[in-house]
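Written below as structure tokens is the structure these notes are about.
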Amino acid sequence: MKKIYLMITDAGGGHTSSARALQAAIEKQQLPWKIYVVNFYQEIIGTDIEENFYNNLILKQDWTRIYWPIIVPLFRLKILLSRFTWLARLKNYWHENKPDLVISLMPFVNGYMCESLHSIWPNVPFITVVGDFVSNFPGYWFENDKQFIICHTEEAIQKSLKVGIRKERIFCTSGRIINPRFYESINCNRRVERQKLGLDPDLITGLVSFGSRGSMAIMEIYKRLQQSSLDIQLIFICGKNEQLANSLRHSQSRLPKLVETFTSEIPYYMYISDFFIGKPGLSTREAIHMKLPIITEHNSSTMLQELDNVKWIEKNKLGIVVRSFQFIEQAITELIEPKNLDYYRSNNTAMNNQSVFEVIDIVKTILSENGNY
């Protein structure tokens with residue numbers, strides 16, 4: 001039984017979601033691998049300060065404007081100052097646990113993880129799965145020429161080559177990792193399911209989600225649509241933001257609505273919806289796979305690592321990008337025109353993301369070539 005370690009951070013939900021998706025797909029294939037999902041900061045470094053700051057202020061309170069220009073440089077400085085301490089803790093961790101392969105699904109510290117791993121176990125492969133379209137910051141994903149890189153864009157391939165990673169160590173997949181649940185058939189009647197949830201079976205339905213931490217942008221969208229003349233209904237997925245969910249539940253609404261917190265039933269809610277509203281992150285990739293046209297935002301608050309996702313959505317005509325969610329009424333009005341809805345839905349259908357399964361095949365190849373499979 002091979003010991004595979006998936007390294008994550010709980011800053012945002014994408015890293016954890018990708019790890020759990022990969023773990024689920026591996027277990028479904030009944031491979032002879034024992035999977036360990038490890039939170040780097042909490043379980044090895046012994047802190048969750050950075051994660052809490054990111055989740056509670058950057059995401060929930062939308063402090064995104066200061067993330068890249070201020071927070072990221074300060075965090076990089078902290079990483080540099082912590083080099084010897086963090087390397088020592090990593091070396092102890094690898095020595096005690098002796099992995100057969102390590103997969104990082106997180107940025108910033110791949111150099112330390114790879115260096116420490118190979119100082120203890122030189123022949124154990126270290127793989128970085130790049131979660132973003134491309135690395136927009138030095139040392140963000142690509143830090144060590146001993147890394148194997150799995151990415152999902154040509155831009156990321158070129159960036160990894162540029163920093164000195166050899167071509168034979170770089171692999172590309174058809175998209176970003178999403179959970180294997182999104183590939184399972186959903187056999188139900190959408191009208192019946194909407195009725196069960198207290199919604200109108202025939203009304204155009206929008207799904208609003210900003211990841212597992214929620215965002216106050218959801219409340220802004222709700223208030224603006226309350227004042228609109230649109231005849232639609234909305235499903236709000238608030239993630240772990242209970243305060244936001246309670247505020248929405250107790251708000252008087254002229255629009256039919258359903259409010260849900262953190263749930264594993266996202267594929268189901270997407271299946272019964274007609275379009276998706278959210279930030280250009282993992283949730284949009286899931287929505288696109290479920291053939292939902294997208295409405296997302298692009299302005300100074302957009303995370304730098306998500307800018308290329310916006311460009312990709314626009315280039316492939318997968319939905320509508322607005323300068324601000326204050327224009328959400330106009331965007332929905334345009335999107336739900338039957339010919340437009342069909343057009344975007346058709347473009348989304350053309351996307352064929354099989355990444356979670358492709359990553360497993362790549363891992364098999366790397367293990368085999370290293371004499372470990």
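Between Trp63 and Asp200, what FRET efficiency comes out of the Förster formula 1/(1 + (r/R0)^6) with R0 = 41 Å and r the beta carbon distance, rounded to 0.05?
Result of the calculation: an efficiency of 0.65.
Normalise the Debye intensity by I(0) for the range 272-373, one equal point scatterer per Cα, no solvent, then take log10 at q = 0.10, 0.11, 0.19, 0.20 Å⁻¹ and round to two decimals.
Taking Cα atoms of the range 272-373 as identical point scatterers yields -0.35, -0.41, -0.88, -0.95.
Just want the answer: with Cβ charges of +1 for Lys and Arg and -1 for Asp and Glu, which residue in Ile66, Ser368, Ser119 is farthest toward the dipole's positive end in the chain?
Going by the Cα projections, it comes out as Ser119.
About the Cα centre of the chain, how large is the charge dipole given +1 on each Lys and Arg Cβ and -1 on each Asp and Glu Cβ? Please answer in debye to the nearest 20.
320 debye
Quick one: Kirkwood hydrodynamic radius for the range 292-350, alpha-carbon pairs, angstrom, one decimal?
Averaging 1/r across every pair of different Cα atoms and inverting gives 11.8 Å.
Suppose accessible area is computed on protein heavy atoms with a 1.4 Å probe; arrange His298, His15 from highest to lowest.
Of His298, His15, the descending order of accessible area is His298, His15.
[x] 163; [y] 132; [z] 213: which one is volume of the Cα convex hull per residue in Å³ as calculated from this entry?
[y]
How would you order 191-203, 312-324 from highest to lowest mean count of nearby Cβ atoms within 10 Å?
In decreasing order of mean packing, 191-203, 312-324 become 312-324, 191-203.
Setting aside same-chain residues fewer than 8 positions from Lys311, which lysines have a Cα under 21 Å from its Cα?
Correct list for Lys311: Lys159, Lys279, Lys291.
Sort largest first and round to whole Å: the equivalent ellipsoid semi-axes of the range 207-277, each the square root of five times a Cα gyration tensor eigenvalue.
Result for the range 207-277: semi-axes of 18, 15, 10 Å.
Counting heavy atoms of the protein chains only and a 1.4 Å probe, report the per residue accessible area for the chain as a whole number of Å².
Value for the chain: 44 Å² per residue.
Ratio of the range 316-373's C-alpha Rg to 2.2 N^0.38 Å, to two decimals?
That works out to 1.93 for the range 316-373.
In debye to the nearest 20, how big a dipole does the range 299-356 give about its Cα centre with +1 on each Lys and Arg Cβ and -1 on each Asp and Glu Cβ?
140 debye
Could you compute how fast the range 1-133 diffuses translationally, taking Rh as the Kirkwood radius over C-alpha pairs and applying Stokes-Einstein at 20 °C with viscosity 1.002 mPa s? Give it in µm² per second.
Reported coefficient: 136 µm²/s.
Taking the full set of protein chains and a 1.4 angstrom probe, give the accessible area of Asp231 in square angstrom, rounded to the nearest 10.
110 Å²
Share of the range 1-131's accessible area from carbon and sulfur, percent, 1.4 Å?
Using a 1.4 Å probe with all protein chains present, the range 1-131 comes out at 54 percent carbon and sulfur.
What angle do you read, to the nearest 10 degrees and between 0 and 90, between the alpha-carbon axis of helix 83-97 and the longest principal axis of the chain?
80 degrees
Once you place label points 7 Å from the Cα toward the Cβ at Ala24 and Glu193, how far apart are they in nm?
Label at Ala24, label at Glu193, 1.4 nm between them.
State the Cα centre-to-centre distance between the range 284-330 and the range 219-233 in whole Å.
Using only Cα atoms, the two centres lie 19 Å from each other.
So what are the range 44-95's ellipsoid semi-axes, whole angstrom, largest first, if each one is the square root of 5 times an eigenvalue of the alpha-carbon gyration tensor?
26, 13, 6
Could you give me D for the range 97-200, from Stokes-Einstein at 4 °C and 1.567 mPa s, where the hydrodynamic radius is the Kirkwood radius over C-alpha pairs? Units µm² s⁻¹, please.
Translational D for this selection: 82 µm²/s.
Would you compute, for the Cα atoms of the range 187-316, the largest minus smallest coordinate along each principal axis and list the three values in descending order, in whole Å?
Reported extents, whole Å, longest axis first: 39, 33, 30.
Which value at 222 nm does the chain reach when only helices count, each DSSP H run of 4 or more adding -39,500 (n - 2.57), with the total divided by all residues and rounded to the nearest 500 deg cm²/dmol?
-11500 deg cm²/dmol
Enter the per residue convex hull volume of the range 1-52, computed from alpha-carbon coordinates, in Å³ rounded to the nearest integer.
Residue-normalised Cα hull volume stands at 52 Å³.
Please compute the alpha carbon radius of gyration of the range 138-255, then divide it by the globular-protein estimate 2.2 N^0.38 Å. Two decimals is fine.
Here the Cα radius of gyration is 1.58 times the empirical estimate.
Amide H of Ile103: which non-local residues (sequence gap of 5 or more, or other chain) have their own amide H closer than 5 Å, using H built in the peptide plane?
Tyr5, Leu6, Met7, Ile127
The values are calculated or read from the model by the stated rules, or taken from the named source; none is laboratory data. Model, not experiment: these values are computed from the prediction. Note that we place each Cβ from the backbone using ideal geometry, even for glycine, and neighbour counts take in every protein chain shown. Each accessible area value is taken on the protein alone, full model and side chains, heavy atoms only, with ligands, DNA and RNA left out. Shrake-Rupley method; radii C 1.70, N 1.55, O 1.52, S 1.80 Å.
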